[in-house]
């Protein structure tokens, strides 16, 4: 298995080099040269596996022997041994044709743990094998930061810096990041939006001299290992629902901001999983909904919402889908991304738009609709949705055809977003791990959304690791 850039200027590289490169050196994103194809017979055999066994089977296709079998199995078991559910990502039935896939049983109560526990252990494995210091740099709209810090803190040879938009994440999300008292962890609260942080991250990674000097590595979903780990739970969800009822295809409704989680579903479908509709659920920051409906990808006005992890205008994983939409034509992809950089807009053809509509449905959930859905489902099912999962359920209600069976990805525990839950006149009990955060001191620095200022902070933080 080799990996290439969506923009065509990276030679075929292996899995570990792909993990270490993160963002492709030509500014594109790394993708497998060929997507593995899984037969119906193989799917049947996979359906009987535990989550950890399933993760090994799927990830093995992409690692392709670069990590010995026993070491890869140990790495996977270690990653998911931290989860509170023995199923790792259990499936819960809400009503006749609607299930939720609970992705919040990891250490930080968010779906990002599924990928970042794996990636953190993978980085630790690589650092031990190579003796190389790894300095991780990432931006978060809320959940990635805490999950990334939890995934790597205390691991020898690894330091991490996370940018988050100051005052634009939930209080629990902020506390999970900033109450970690560890010299290897630096939290920078930028005076701007997540999109500002993501832009700065990409600019810093594009400076290859700076990147190489400080051994910078990516923790965001620009790193293909993140996508790969998330692909596993689409297979697991399908197999669990198939045990409950006879299904041919299964729809998925996915709360989406950066397009990573939904792209993992798209990849699973391309591998052979019988996926029906992939529903892109957004909030008021609905660039992806507009693209899927109109074929125009153009950032709009930024909105702070009840679902802050989706408060994103520029979806960094969109380029991976664009590459496949353009028939895996790297030159065409690079040309469109250059146009987006210069003009701030991408428009696809009518034929391409028909393909987009065949691949995805989309629905943008407004604030009051998000809260209404939380209240409604709590009253009718006694199940408490967090505001992001609520957007996924509302999108299911809007896009579902009668008789189709759907799984909504439940991306976070509601305790992480009590600001929205309180507006629904619902009282919830915090898990002890979250309750304890409010008594801890915070460690963060507030900085301008400035490339130069953040570089200075990084140099100081990472210098001691050289």
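The values are calculated or read from the model by the stated rules, or taken from the named source; none is laboratory data. None of the values given here were measured: they were computed from a predicted structure. Cβ placement follows ideal geometry from the backbone for every residue including glycine, while neighbour counts extend to all protein chains displayed.
If you go through region 414-462 and pick out every residue that is touching a residue at least 12 places away in the same chain (Cβ under 8 Å), closer than 27 Å to residue 136 by Cα and in a helix (DSSP H, G or I), you end up with 14. Of the residues making up region 405-425, those that are farther than 12 Å from residue 100 by Cα and either touching a helix residue (DSSP H, G or I) at 6+ places or on another chain (Cβ under 6 Å) or surrounded by fewer than 16 Cβ atoms within 10 Å (Cβ to Cβ) (or both) are 414, 415, 416, 417, 419, 420, 421, 422, 423, 424, 425. Considering 281, 268, the condition of being crowded, with 23+ Cβ neighbours inside 10 Å, free of Cβ contacts under 8 Å to residues at least 40 places away in the same chain and in contact with a strand residue (DSSP E or B) (Cβ under 7 Å, 6 or more places away or on another chain) is satisfied by 268 alone. Identification of helices (runs of 4 or more DSSP H) wholly contained in region 186-244 with 3 or more residues that are at pLDDT 95 or above, within 25 Å of residue 309 (Cα to Cα) and touching a helix residue (DSSP H, G or I) at 6+ places or on another chain (Cβ under 9 Å) yields 224-244.
Restricting attention to region 84-111, the residues being surrounded by 19 or more Cβ atoms within 10 Å (Cβ to Cβ) and out of contact with any strand residue (DSSP E or B) (no Cβ under 8 Å at 6 or more places or on another chain) number 4. Kindly check whether there is at least one residue in region 356-369 that is part of a helix (DSSP H, G or I), farther than 30 Å from residue 32 by Cβ and touching a residue at least 12 places away in the same chain (Cβ under 8 Å). Scanning region 356-369, I find at least one residue that is part of a helix (DSSP H, G or I), farther than 30 Å from residue 32 by Cβ and touching a residue at least 12 places away in the same chain (Cβ under 8 Å), so the answer is yes.
Selection of first residues in region 189-207 that are farther than 13 Å from residue 448 by Cα and of second residues that are modelled with pLDDT of 90 or more and in a helix (DSSP H, G or I), restricted to Cβ pairs under 8 Å at least 6 apart or on distinct chains, gives the following pairs, ordered by first then second residue: 203/451; 204/210; 204/211; 204/451; 204/454; 204/455; 204/458; 205/211. Could we say that residue 30 is crowded, with 19+ Cβ neighbours inside 10 Å, modelled with pLDDT under 95, over 23 Å from residue 74 (Cα atoms) and in contact with a helix residue (DSSP H, G or I) (Cβ under 7 Å, 6 or more places away or on another chain) here? No. For region 328-357, which positions are within 24 Å of the chain's Cα centre (by Cα) and closer than 21 Å to residue 5 by Cα? Result: 328, 330, 333, 334, 336, 337, 340, 341, 346. Annotation: of all residues in region 158-182 being assigned to a loop (DSSP other than H, G, I, E, B) and in contact (Cβ under 8 Å) with a residue 40 or more places away in the chain, the one that is surrounded by the most Cβ atoms within 10 Å (Cβ to Cβ) is 169. Among residues of region 103-131 that are on the phi > 0 side of the Ramachandran plot, those with a Cβ under 6 angstrom from a residue that is in a helix (DSSP H, G or I), sequence gap 6+ or separate chain, pair up as 109/416.
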